[in-house]
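To keep things clear, I will list the structure first and then write my remarks on it.
Read-outs: derived from the displayed coordinates by stated rules, not from any lab. No experiment lies behind these values; they were computed from the predicted model shown. Because the Cβ atoms are built from the backbone with ideal geometry, glycine has one as well, and the counts that use them run over all protein chains shown.
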Amino acid sequence: MSVAAEPIWAVKPEKVEAVVKRLVEVGHPRKVFLFGSYVRGQTHRDSDLDVLVVADDTIENTRKESARLRRAVDDIRMSMDIVVVRESMFEALKDKIGLIYREAVRHGRLVYDAAAAA
């Protein structure tokens, strides 16, 4: 019996590290959180990487910034969702039940903090 090959888009620690590094280099975020199945250790064949990027308040359009960051990591073949939020919005909503920001803070992993890196 043969085992199916792992898909090229599989979420792997070395790819995750490369994505975070690139997001920091290109996006200059305030914070980066990983959350979801990868952080819980429950990845499967069709899992993706969930990333929350807390951007500076000077970012005018968070959707455009999310698309720009996604293009910056496009060569890293891995399924991922990148959500961008302005820092002031994140601070205002991070404790609101039902929002992704709360999930990232409570159950995710802070992998980059500009204040700590300074």
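Descending by average beta-carbon neighbour count within 10 Å, the peptides 105-114, 33-42 line up as 33-42, 105-114, the highest first. Springs join every pair of Cα atoms under 10 Å in this Gaussian network model of the chain, and among VAL73, VAL26, VAL16 the largest mean-square fluctuation is at VAL26. Counting Lys and Arg as +1 and Asp and Glu as -1 over every other residue whose Cβ lies under 14 Å from the Cβ of ARG63, the net charge comes to +2.
For ARG22 and THR62, what does the FRET efficiency come to when R0 = 22 Å and r is the distance between their Cβ atoms, rounded to the nearest 0.05?
0.75
Here the simple spin-label model places points 7 Å from the Cα toward Cβ, and for ASP75 and ALA117 these points are separated by 1.9 nm. Need one number: nm distance between label points at LEU93 and THR43, each 7 Å from Cα along Cα→Cβ, rounded to one decimal. Spacing of the two 7 Å Cα→Cβ label points: 2.7 nm.
Can you classify the chain as rounded, prolate or oblate using the Cα gyration tensor, where a ≥ b ≥ c are the square roots of its eigenvalues, rounded means a/c under 1.5, and otherwise it's prolate if a/b beats b/c and oblate if not? It comes out prolate by the Cα gyration axes.
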